[in-house]
1. Please provide three numbers in whole Å: the alpha-carbon extents of the stretch 122-245 along the principal axes, with the largest listed first.
2. Listed here are the pairs 469/527; 569/599; 519/562; which of them are more than 22 Å apart at the Cα?
3. How many percent of DSSP beta bridges within the chain run antiparallel, rounded to 5?
4. Need one number: the % of Cα-Cα pairs in the stretch 106-192 sitting beyond the 17 Å mark.
5. Going by average Cβ neighbours within 10 Å, how do the peptides 659-672, 187-200, 494-507, 404-417 rank, with the highest at the top?
6. My understanding is that a pair violates if its Cα-Cα distance is over 19 Å; which of 117/246; 488/650; 61/645 do that in this structure?
7. How large is the helix-only mean residue ellipticity at 222 nm for the chain, computed as the sum of -39500 (n - 2.57) over DSSP H runs with n ≥ 4, divided by its residue count, in deg cm²/dmol to the nearest 500?
8. Where does the stretch 525-620 land on Rg/Rh, using Cα atoms and the Kirkwood Rh?
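The values are calculated or read from the model by the stated rules, or taken from the named source; none is laboratory data. Since we're looking at a predicted model, the values are computed, not measured. FYI the Cβ positions are ideal-geometry reconstructions off the backbone, even for glycines, and counts take in every protein chain you see. These accessible areas exclude ligands, DNA and RNA; they are computed on the full protein's heavy atoms, side chains included. Shrake-Rupley method; radii C 1.70, N 1.55, O 1.52, S 1.80 Å.
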Amino acid sequence: MEENRQIYPEQFKFQIQSIKEKYPQAFLPSDARSGLPQAIIGIGALTHDTSAALVSLETGKVIYAVAEERLSNVKHDSRFPIGAIEQCCQAAEKEGFTISQVAVNFHAVEFITKTLKNEISVILNDASRSEGLFAKVIDMFDGADSYCIGERNQTSTKIEEELRNYHVTKEEARQLIPRLTWYFNAAIKYQKIGNIISELFNGLPVTFINHHECHAASAFFDSGFKDATVLVIDGHGEADTVSIYKGDSKGLTLVSQSTWPHSAGAFYLAATRHLGFDHGDEYKVMGMAAYGQPKLFSELAGMMDVGEDAVLRLVQNEYFVRRDVAKTGHTRFHFTEAMGHLIAARKSDEPFEQKHFDFAATVQKITEDIGVRLAQRAVELTGERNIAIAGGVGLNGLMNEAIRSSGSCDEIFIYPAASDDGTSVGAAHAYILRSKDIIKKPNRLRSCYFGHNATDEEIKNALNAAKVKFSSPDSINKAIALALADGKIVARYNGPAEFGPRALGNRSILANPAKKDMKDILNLRVKHREEFRPFAPACLREKVDNYFEINTESPFMLLIAKAKKSAHKLIPSVVHADGTARVQTVTPEQNEDFYATIKEVEKLTGIPVVINTSFNVNGETIVDEPLDAIESFGFMDIDFLAIGKYWVSKVENASLFPPITHDEYLGKRKERYRRKNLDPLSELNVRAYGPWFFFSEQKLNEYLASLGFSQEGA
Ligand SMILES: [Fe+2]
């Protein structure tokens, strides 16, 4: 079991050293930095969707940002973002920045303080005993070993001593030990990963920032609002589930906070799992909602409530109870067996029935109602009518639209990387907002192309390496438009990659929304995904209200609008079953090439709208490198690839791209990513901690017996 206690392999020193040697400018010592532009590196580690961002300390501008999943091909990757950090160091070297600050998106000590303290006090139900025991546990936290019931070490011995000192009963110990195991070990691992970050950026100050403050900073900093209500809703941070801040010239002031397990994100995830999906599939539930009616609303709506204090509470009833997650001690709410009356849990391979769509519609409506009520209360508390939103639940476009159209706010801004990937940028912006010698906040963010940008030469080399026949049309945008007007499907790879979950024209598959069957063609031929999933329209900003009930910008596809009658008729493929569309508005300032492409389409067809879906196979991450784009194009049933300024036709290269099976394609892609060799640091996954987190009921019983617990006490 020794290797389980090993937080990181020994090779990590070598890997860290090699990054420092490759990018010396990024790691200049303080006396050599004067006169050079300074940057802060934000690190989104310790949660899911890990990432890194390089941000100018002088202006707050993002120089580079990327989620680890784009480099590892592991969706929602929660491992240490060593690949993303290395790319940020490379960007610093290339752009002439030197790194002088580090900010991390999570606070390990706050995590254990907020979570374990609460758990101990609930179980011991006696202030003096619970406070005493918690103080002892915190005392031993710094420099502690892991706590494992299967093996004695110094920490286990100390904890056992304290259980005796505080006269913990057998029943209390039975509840306490799984929680201690989970929270204590997680916090130790978080802290040790923090030490790795310190070691990597030797000598630089590392600031660990509350997770929700990072989300809030990402939204407020780029909102363009001078003063704002900032609303963060996600699964949870250290223990926080909803946070409301007032943002103004002084930075961010916390106004209200809800805590675990009262979590809208966890509620939506529980529903997502009830429907046979998993974490990260929440958007599928949102897609399903359009095909159902909220028929279970009266039975389920009482499960979530928002008080006058803007605090969210999940409420237990016969369908919904708080209990332990098996093995971990991390408590949360669950749907009960009694839900079977209303709707039984769907297994992932079972067919969808109408009742599943109705359940999705119910959960969606509950979430929208809660979002609107939180926004209303938040605005009342802060007195500011402009709202900036972040946190994973902020990706729920229908909820955002419900807030926008509820009349509770004037303007709304949602950070494009609203989920945890955005907290690397958020950590850097939180640090900047905390500094009082502040820079002027920038105008509203309207584009987020912060990632990998292949040069023309790199693209050409990749095309040649793949032995692909290609051409350089006079205007690549015209070539794309001509193909789209002709009903063809075009993969577009251009410029820097988007930051956040959506492809916004640079790593996109484009098609013609006027073709009635294009949605089915794309789902069947290209994306191989559930037929209820909608496709989004990208529309010229100035024409958006010709087709949709919206006349505001939506550059990141995070607002959903009702389609007008004209849209139902003219662009049927992007109108969802409930008559809505997840709109992206496009301006030349945002993306010159993408705007020009849609403009050309308009000249040819009269319609300034294209279908824009991400350039990936269902379940895979979005393509990142040119060769990956070429190989993915080869596998996917797409007619053309427009890569940089080059044009590739599938027909002309038919012999180069013989049909391969899905598994063969995935195998190739896996191999491509394996070659990046992100190990061993990328293996740092907080949950991969073996028996220190997880043990059986039998082991727990044996342990309790070994400690000599009787019913009365130790
Ligand atoms: Fe989060």
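1. Sorted largest first, the three principal extents are 56, 38, 23 Å.
2. From 469/527; 569/599; 519/562, over 22 Å: 469/527.
3. So the antiparallel bridges amount to about 70 percent of the total.
4. 41
5. 494-507, 404-417, 187-200, 659-672
6. Distance filter (> 19 Å) returns 117/246; 61/645.
7. When only DSSP H runs of four or more count, the value is -12000 deg cm²/dmol.
8. Using only Cα positions, Rg/Rh for the stretch 525-620 is 0.96.
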